[in-house]
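Asker: The structure's right below; bear with me while I get my questions together.
The values are calculated or read from the model by the stated rules, or taken from the named source; none is laboratory data. As the structure is a computational prediction, the values presented were derived from the model and not from experiment. Cβ placement follows ideal geometry from the backbone for every residue including glycine, while neighbour counts extend to all protein chains displayed. Accessible surface areas use protein heavy atoms only, side chains included; no ligands, DNA or RNA. Shrake-Rupley method; radii C 1.70, N 1.55, O 1.52, S 1.80 Å.
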Amino acid sequence: MHSPASLRPTATFAVRNAVLATCDRSPSDAGLLHGAALAVTNRHVAWIGRDRDLADAVDLDGARVIDARGGLVTPGLIDSHTHLVFAGDRAGEFALRVTGRSYLEVALSGGGIAVTTRATLAARDDVLFEEAARRARRLLQQGVTTVEVKSGYGLTVEAELRLLRIVQRLGQALSDQVTIVPTLLLHAVPPEAAGDRAGFVGRICDELVPTVARERLAEFCDVFVEEGAFSVEEARRILEAARARGLALRLHADELTAGGGAELAAELGAASADHLEEVDERGIAALARAGVVAGLLPLSTLFLGSERWAPARRLLEAGVPIALATNLNPGSGMSENVGLALSLACLKLRLTPAEALVAFTAGGARALRRPDLGRLAPGAEADLVVWGCDSAEHLAWHMAVNHALAVVKRGRIVHEAAPAVAVDCR
Ligand code: NIG
């Protein structure tokens, strides 16, 4: 018997016959519901329950209903750390690193970020936009429905503003498909400012940050705290200026050397401290006390040929919330491969597949301060993925291929994999 019509939500979209991972319980519990269904009204999840109760609980007249055929359905993935607006390639640098030069050696001898900055400066706006949109679409096709996008390859006030305007254009152009979260990133001091670092930091605080805040060009401000980039004191000055203007904070912390980045993130109440390959016990304790999310980026550790994997288990044991992201960028992570990130999180960070999935969904949402995303529950945004397999274990096991069969953004299908492309193991 149907529930009284007045009590039944009217669905605009539903997915049935699913193994639902709600990702709304704890860092280690994917919240699995077998034989489940989910209904959406307009852009929000309206109902979740047993598949056999769906037709009674929800008015499906006029709804688009898809059958997951026993497949896993998760929240849309949240890539909470990317640098996808850039031009040029760094393949030569990659080849050099393979023969033994380190990332830091290349960077300190004038390569690295400086190379991408020059190529980005020389590229036309349309080219930067199109390349970035292609990268975002590649992520979307693998189940990513929210992408944080950093500036950072401009370095000067004018050039960073230019990149943030391209990120803004990206957000507008893709708004129906992917949520773009813009971040102002201070990546390095430009060579021409090397003689007056304090003056450069002053221009960032007094010109760049106020303009970004006034024009609402970014939600977050991020600083790369590292040898050859910014010191803790410089980063504190920039981040305090950003916080005073209403921007939330994140940091690139303790990536190549342990430099007090995690402690600074905790001191300033940052939303996340990312990388953390070199974080020590003091840094971990500070993150835990302040509830700062640890953004883990295993594709970068692989790409740098390093064996210094972020201490994910220690972070979890200490109670630090974790997020998993791609860190798509030309210098330390030239890969959009979401599946590989999930597998490395298990193989090298020693997360369970469920922990990796939660970190890539609810964890990412927390890092971006978006509690409406990254979980499946009534009232949450209806961003979800139907996978061609039935478990998080399978996603991590069948490595570096794309299992995303259908990607749904705010209750509308925005990507369906072509049959020949989809890996469908259901
Ligand atoms: O997140 N670490 C700093 N930024 C990037 C690398 C940027 C580059 O080398 O182009 C990262 O790893």
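Asker: Any residue in segment 244-272 that is at pLDDT 95 or above sitting within a Cβ distance under 7 Å of a residue that is hydroxyl-bearing (S, T, Y) and open to solvent by 10 Å² or more (accessible area, probe 1.4 Å)? List the pairs, counting only those 6 or more apart or interchain.
Answerer: Pairs that qualify, where the first residue is at pLDDT 95 or above and the partner is hydroxyl-bearing (S, T, Y) and open to solvent by 10 Å² or more (accessible area, probe 1.4 Å): there are none.
Asker: Quick one: count up the residues across segment 338-367 that are in a helix (DSSP H, G or I) and of a type in the set (D, E, K, R).
Answerer: Residues that pass the stated criteria total 2.
Asker: In the list D51, D79, which residue meets the criterion of being of a type in the set (D, E) and more than 16 Å from the ligand (Cβ to nearest atom)?
Answerer: So the residue among D51, D79 that is of a type in the set (D, E) and more than 16 Å from the ligand (Cβ to nearest atom) is D51.
Asker: Please go through (1) closer than 19 Å to L287 by Cβ; (2) open to solvent by less than 10 Å² (accessible area, probe 1.4 Å); (3) among the small types (G, A, S) for A242 and return the number of the only condition it doesn't satisfy.
Answerer: Only one criterion is unmet by A242, namely (1).
Asker: If I filter segment 170-181 for residues that are under 30 Å from L373 (Cα atoms), touching a residue at least 40 places away in the same chain (Cβ under 8 Å) and within 16 Å of the ligand (Cβ to nearest atom), do I get at least one hit?
Answerer: Yes, segment 170-181 has at least one match.
Asker: Residues in segment 124-147: is at least one without any contact (Cβ under 8 Å) to a residue 24 or more places away in the chain, over 25 Å from D383 (Cβ atoms) and more than 16 Å from the ligand (Cβ to nearest atom)?
Answerer: The answer is yes; a qualifying residue exists.
Asker: Go through segment 260-277 residue by residue and tally those that are within 12 Å of the ligand (Cβ to nearest atom) and either at positive phi or open to solvent by 30 Å² or more (accessible area, probe 1.4 Å) (or both).
Answerer: Number of matching residues: 2.
Asker: I've got another one for you. Can you list the strands (runs of 3 or more DSSP E) lying wholly within segment 231-298 that have 1 or more residues being under 18 Å from L104 (Cβ atoms)?
Answerer: Output list reads 248-253, 272-275.
Asker: Which one is farthest from the ligand (Cβ to nearest atom), of the residues in segment 82-106 that are open to solvent by less than 10 Å² (accessible area, probe 1.4 Å) and of a type outside the set (A, V, I, L, M, F, W, C)?
Answerer: T82
Asker: For K150, work out the one condition from (1) over 24 Å from A123 (Cβ atoms); (2) touching a residue at least 12 places away in the same chain (Cβ under 8 Å); (3) of a type outside the set (G, A, S) it doesn't fulfil.
Answerer: (1)
Asker: Okay, next question. Which residue is farthest from the ligand (Cβ to nearest atom), if the candidates are limited to segment 107-122 and must be surrounded by 19 or more Cβ atoms within 10 Å (Cβ to Cβ) and outside any helix (DSSP H, G or I)?
Answerer: Ranking the candidates gives G111 first.
Asker: Another question, if that's okay. Looking at T146, T179, can you tell me which residue is open to solvent by less than 10 Å² (accessible area, probe 1.4 Å), modelled with pLDDT of 95 or more, under 25 Å from A400 (Cα atoms) and of a type in the set (S, T, N, Q)?
Answerer: It is T146.
Asker: Here is a further query. Report, by residue number, each residue of segment 212-231 that is of a type in the set (V, I, T) and open to solvent by 30 Å² or more (accessible area, probe 1.4 Å).
Answerer: Answer for segment 212-231, where residues must be of a type in the set (V, I, T) and open to solvent by 30 Å² or more (accessible area, probe 1.4 Å): there is none.
Asker: Count, please, the residues in segment 210-233 that happen to be within 16 Å of the ligand (Cβ to nearest atom) and either outside the structural domain of N327 (by TED's automatic domain parsing) or of a type in the set (A, V, I, L, M, F, W, C) (or both).
Answerer: 8
Asker: Another one. When you go through R370, R308 one by one, which is the residue that is assigned to a loop (DSSP other than H, G, I, E, B), open to solvent by 10 Å² or more (accessible area, probe 1.4 Å) and more than 16 Å from the ligand (Cβ to nearest atom)?
Answerer: Testing whether each residue is assigned to a loop (DSSP other than H, G, I, E, B), open to solvent by 10 Å² or more (accessible area, probe 1.4 Å) and more than 16 Å from the ligand (Cβ to nearest atom) leaves just R370.
Asker: Next question, about the same structure. Suppose we filter R243, R289, R236 for residues that are basic (K, R) and within 22 Å of the chain's Cα centre (by Cα); which single one remains?
Answerer: Matching residue, one of R243, R289, R236: R243.
Asker: Starting from residues that are open to solvent by 10 Å² or more (accessible area, probe 1.4 Å) and of a type outside the set (D, E, K, R), keep the ones in segment 248-259 and report whichever is farthest from the ligand (Cβ to nearest atom).
Answerer: So, considering only residues that are open to solvent by 10 Å² or more (accessible area, probe 1.4 Å) and of a type outside the set (D, E, K, R), the one farthest from the ligand (Cβ to nearest atom) is A248.
Asker: Just one of the numbered conditions (1) more than 30 Å from L170 (Cβ to Cβ); (2) in the same structural domain as N329 (by TED's automatic domain parsing) is not true of A91; which one?
Answerer: (1)
Asker: Related question: Return yes or no: is I78 open to solvent by 30 Å² or more (accessible area, probe 1.4 Å) and outside any helix (DSSP H, G or I)?
Answerer: no
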